[in-house]
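What follows is a single structure, written as structure tokens, with notes after it.
Just so it is clear, none of the values below were taken in a lab; they were calculated from the coordinates. Computed from a predicted model, the values in this text were never measured in an experiment. Virtual Cβ from ideal backbone geometry, glycine too; neighbours counted across all protein chains shown.
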Amino acid sequence: MSDLIFRPLTADDLHLFHAYGPLPASGVGVRHAPFEKLGYDRPDWLWVALRGEEVVARAAFWGPPGAEHPFSLDWFDPGTGSDRVEVGAALLRAAYAALVTPDYSSPVGDRPDFHLFLPADWHDRPDAVADVADRVEAAERAGLRHSVERLNLRWIPEYGLPPRSTRLTFAPADDDEAVLDVLTRITEGSLDAWDRHRLAEQGPRKTAEATLEDIADFPGGRHRWRLAYDAAGDVVGITMPTRNATAATIGYIGVDPAYRGRHYIDDLVAETLHIFTAEGEPEVRDSTDVGNAPMAAAFARIGYRITGRRLIMI
């Protein structure tokens, strides 16, 4: 380990990040878009472990344009040598120590969380299981812990646009108090791991406020957000379509607990896809916790397809 140097990159040596190799044949860590389109705009958030002139491990942190601090670590390769776990852990410890300054803040908590992108069938493939184990162990040695596994999903118009709801009507969600009211109710009983984590720490109202703030900060804005009403005029749920750095996505969606069990979530997702389609979005990318079976089932019924999975460590 004494022969290793851990450091961030500069604008003049970005090529070092791409000098790493070989890439894992298992597909662990592979992203759906090229590196150049994923928003890694800060060289000082790209870290490498160097042994001489050889790049033996690398890590890329991401944050939205203009962010002071990175929100997530979502590209991490610990290398292939016999000491790969130790090297990977040391690289992460060095990077986190430098990036998580006393004034660090982001919507995810007190440090960037780690997103490990995985093939949909990784559990059934020994090579993928081994590559995941290396990365998870290195992250754990660096102080991170496993939080949740999520399904990554994709919808494109070629899959078929579902019919619009005939039992709900939709109106712009442009009143913060109305949005907070329904979000507060939805949060209670939510199966989403992040909702449950926030709920335990902050309570329903603060969780709703954090959700509103987070989604409002997405680059897609809030003009697509809709409240859903039943025939009696009662609010059934909300959908908050937006865009992230690379694609259209549902920032948040949910049904009031009093109306769950009637597949109203299908109506909300269908309305969202009509909104995106009317604006010419070529694809929609979403995700949901593996443990949130009702949401995963709704996406499947609407026509989404699973493109992979993602482990999140915090």
Practice problem: Would you mind working out the magnitude of the charge dipole of the chain relative to its Cα centre, with +1 at each Lys and Arg C-beta and -1 at each Asp and Glu C-beta, to the nearest 20 Debye? | Solution: 580 debye
Exercise. Report, in cubic angstrom per residue, the convex hull volume of the C-alpha atoms of region 4-144.
Key: 112 Å³
Exercise. Starting from one equal scatterer on each C-alpha and no solvent at all, send me the Debye-based log10 I(q)/I(0) for the chain at q = 0.13 Å⁻¹, two decimals.
Key: -0.97
Quiz item: Which of rounded, prolate, oblate describes region 157-304, given a ≥ b ≥ c as roots of the alpha-carbon gyration tensor eigenvalues and a/c under 1.5 marking rounded, otherwise prolate only if a/b is larger than b/c?
Solution: rounded
Self-check item: Among 232, 90, 49, residue whose mean-square fluctuation peaks in a GNM of the chain (springs only between Cα atoms under 10 Å)
Solution: 232
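Applying a 10 Å radius around every beta-carbon, put 114-123, 20-29 in order of their mean neighbour count, most first.
Put in order of decreasing packing, that is 114-123, 20-29.
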Quiz item: Using mean Cβ contacts within 10 Å as the protection proxy, how do 71-79, 50-58, 103-111 order, highest first?
Solution: 71-79, 50-58, 103-111
